[in-house]
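Reviewing the structure listed below.
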Amino acid sequence: MKTKSLYIASQEINAGILFTSMGMMEVLKRNLPRVAYFRPIIYDRNKLDGDINFILTRYSLDIEYEDAYGFDVAYIESMIAQNKTNLLLNQLIQKFKKLESEYDFILCEGIRHSFLSSNIHYDFNLKIAHHFNTPYINIVNAKTNDNDHVIKNIQMEYDNLKKEGCTHFATFVNRVSDESYEPLKDMLEKLPYTTYILKEVAELNFLTLEDVVDSLAAKEVLVSKEDYSRTIRGVKVAGLTLDNFLEHIEEDDLVIVPADRSDIILGLLGALYSDAYPNVSAIVFPFDMQAHKNIQKLIVGLDSFNIPLISVKTDTYTTAKNISKTRARLRLHSSKKIALSLGVFNASIDIEEIEKKIKSSHSEIISPLMFEYNLFEMARKTKRTIVLPESEDERILRAVETVLLRDVVEIILLGDEKKIVSDALRLGLDISKARFVSMKDEKLLQEFSEEFYQLRKAKGISHKVARDAITHRNYFATMMVHLGYADGMVSGAVGSTGETIRPALQIIRTKPDTKIVSSVFFMCMEKEVLVYGDCAINKDPNAEELAQIALSSVQTAKAFAIEPKVAMLSYSTGESGSGAEVEKVREATKIVRERASELAIEGPIQYDAAINEAVAKKKLPSSKVAGHANLFIFPDLNTGNNTYKAVQRSSGAVAIGPVLQGLNKPVNDLSRGCLVADIVNTIAITAIQVGE
């Protein structure tokens, strides 16, 4: 069965509809360029719908907010009360069909349990899905049911679907406890239809700081964007003296304390910097008070770690009561929960089976979002181990949390475990699944220095020099990759490109059929992903080296599901020009054709003729590559580096890289100005390269 739409709904409260919608949207965006999201019914058209805003924003969907929903509850109830249900269904169908004509796929999220009333029944979801002719995903909440009731609910829902004429796509049994998992799994295997089990994850039910800020309309006194995702596991009211209160704080507590209790505030800051006490997630000042100016000055002056501060107008008791009523939600800034949710979803669902059902047609076009989502799925399938030597950098730790919670790779961090974990906890991060290796481990130092000596003794290196080299983190980490302790390495957020590449060249070395290390950038344009090489490593390659760069770039492109059409760039096209630089490119193209006769390649060719179909028809009308190229090989570093930066800045393209190629084992370099997202992508890319 192939389908162009899906309908997701649950007859139970807190079953995880947005969680499931997000997981399915990840699958869809990996496979289809244009996906729409539609909610037939929202609560109030005059208020922003949280689910629509979340999905449209997170996935950058090309759809107007007003087109992403049908009608609000008041309108639905009015139409049903007037016996105009059929007219209402026709109006919904009209909105749905408009989207169907414009998009590759539509993901529909059904009526929320909280929207149901004497007029709006759950079965209305089935009617809508039937008239939309869209397959149905039912979500069952196992948190509030034992296994027998779960099975009965699934069977009952399946019977209802058949009676209504709906197609069953799958049933997701969500929030299953560890104790119920195996017995329920055995019971579900006996059912004749597709079911998936998703385990209960306690952390998804914890509040975040953003939940509290939003629910209490709190004023942000000292809060950064990264603080929004901080987990709140408990709430404490500071009604004791500092001496006694410190005994009661626990990890990730939210502390309600009057702003004039300077002793408590200073005590909590002291606990943050002490390994003897837990780290609280945030401090709330009731009565809309401010701390004393000297305390404020002290807090602002802390340059390493700090505790987020918010204030509310209510008194201490009311504040605590309001927080107790706050509901945990998936939000745009909930980076930790999003990563954790996607990790659980991808580990629990048969992604390949779902992809087979939803693919309506094969497309050679890979959109930037498809490319980025594919990185995670490809990396998750192989689950490689990546070593990160720059564990003192906050961006590295934030990236580590993301890839670990998404269950994409295994991570090794170099350094002192106690310090790294303490730094992560102070930042509110969960890196508990990471492994740690100390560079002071004498056994490893001896093994690594001896291996380095054997590799470099022909160059005149001594045992002492070998030992000194291995004490540098990039040499240590590279040796871990060389000897199989890790599958790949990512570095460069703190150090230079040379500090990353030099150890790789000396230890890992190039592949047997490759003489040089080169690089590519994945240029994520608005509607496609292009590959640029080499824009970072080789200054002025000769024809043989240029050919090698092209062949390495072809391998890299294929590893990331990009079918290469290669343009060997020059300042002239075809036979129109001459000169040493043109001849270099012409010779390099000839070499590539001899070694890969099946490859689609053109050269020498100018950039405009390579990418623009109209120009290509004038300059090279018979070429199969001209006008359609997606892999561009630049003749030298000056041209390549300036071009990628010019394209990046002028078009708004996202440049992922440089991705190093040609090494026996993958090592990749980060820029010192890299963002957390850049590090996450580079880790995933490195894991995928292991399988090349």
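The values are calculated or read from the model by the stated rules, or taken from the named source; none is laboratory data. Keep in mind that this is a model prediction, so the values were computed, not measured. A quick note on method: Cβ atoms are made from the backbone with ideal geometry, for glycine too, and the neighbour counts reach across all protein chains shown. Note: accessible area is taken over every heavy atom of the protein model, side chains too, but ligands, DNA and RNA are not part of it. Shrake-Rupley method; radii C 1.70, N 1.55, O 1.52, S 1.80 Å.
Packing, taken as the mean count of other beta carbons within 10 Å per residue, orders the peptides 394-405, 287-298 from highest to lowest as 394-405, 287-298. For segment 352-465, the square roots a ≥ b ≥ c of the C-alpha gyration tensor eigenvalues yield an a/c of 1.5 or more together with a/b not exceeding b/c, which makes the shape oblate.
Centre-to-centre, using Cα atoms only, segment 190-205 and segment 222-254 are separated by 33 Å.
Extension gain for the segment LEU266 to MET187, taken as residue separation times 0.36 nm less the Cα-Cα distance, is 22.9 nm to one decimal.
Only Cα pairs under 8 Å and at least 6 apart count here; give the relative contact order of segment 99-251 as a rounded whole percent.
16 percent
Backbone amide hydrogens, once placed in the peptide plane, bring HIS333 within less than 5 Å of nothing, excluding anything fewer than 5 places away on its chain. Among residues other than ILE256 with Cβ under 11 Å from its Cβ, the summed charge is +1 (Lys and Arg +1, Asp and Glu -1). Across the options ASN53, LEU444, PHE19, the greatest Cα extent toward the positive end of the charge dipole of the chain (unit charges at beta carbon of Lys, Arg, Asp, Glu) belongs to ASN53.
About its Cα centre, the dipole of the chain is roughly 1040 debye, where the only charges are +1 on Lys and Arg Cβ and -1 on Asp and Glu Cβ. Using a probe of 1.4 angstrom and keeping all protein chains present, the accessible surface of the chain works out to 44 square angstrom per residue. Taking the average, over residues, of other Cβ atoms within 10 Å as the packing measure, peptides 102-108, 495-501 rank 102-108, 495-501 from highest down.
Go through 561-572, 70-81 and give me the packing order, highest mean Cβ count within 10 Å leading.
Result, highest mean first: 561-572, 70-81.
Counting other C-beta atoms within 10 Å, and keeping those with at most 12, which DSSP coil trypsin sites (Lys or Arg not before Pro) do you find in segment 507-543?
In loop regions of segment 507-543 (DSSP not H, G, I, E or B), the sparsely surrounded trypsin sites (Lys or Arg not before Pro) are LYS515, LYS527, LYS539.
With a threshold of 23 Å on the Cα-Cα distance, the over-threshold entries among LYS558/LYS584; LYS152/LYS190; LYS199/LYS321; LYS4/LYS356 are LYS558/LYS584; LYS199/LYS321.
Using a Cα-Cα cut-off of under 14 Å, which aspartates and glutamates could be cross-linked to LYS47, ignoring same-chain neighbours fewer than 8 residues away? In chain and number order, the partners are GLU66, ASP72. Centroid-to-centroid, using Cα positions, segment 564-600 and segment 400-434 are 46 Å apart.
Cross-link reach is defined here as a Cα-Cα straight distance under 16 Å, omitting same-chain residues fewer than 8 places apart; for LYS539 the aspartates and glutamates meeting it are GLU581, ASP636. For segment 142-225, trypsin sites (Lys or Arg not before Pro) meeting the loop criterion (DSSP other than H, G, I, E, B) and having at most 15 other Cβ atoms within 10 Å: LYS190. Per-residue ellipticity at 222 nm from helix content only, as computed over the chain with -39500 (n - 2.57) for each DSSP H run of at least four residues, stands at -13500 deg cm²/dmol.
Here LYS325 is the anchor, and the lysines within straight C-alpha reach of less than 18 Å, apart from those fewer than 8 places off in the same chain, are LYS236, LYS313. When you filter the GluC sites (Glu not before Pro) in segment 187-248 for DSSP loop state and at most 14 other Cβ atoms inside 10 Å of their Cβ, you are left with GLU189, GLU247. Cross-link check: pairs LYS337/LYS357; LYS225/LYS336; LYS29/LYS336; LYS29/LYS665 evaluated at a Cα-Cα cut-off of 23 Å; pairs beyond the cut-off: LYS337/LYS357; LYS29/LYS665. Note on the chain: with neighbouring protein chains present and a 1.4 Å probe, carbon and sulfur make up 48 percent of its accessible heavy-atom surface. Per-residue SASA remark: LYS336, around 10 Å² accessible (1.4 Å probe; ligands, DNA and RNA not included).
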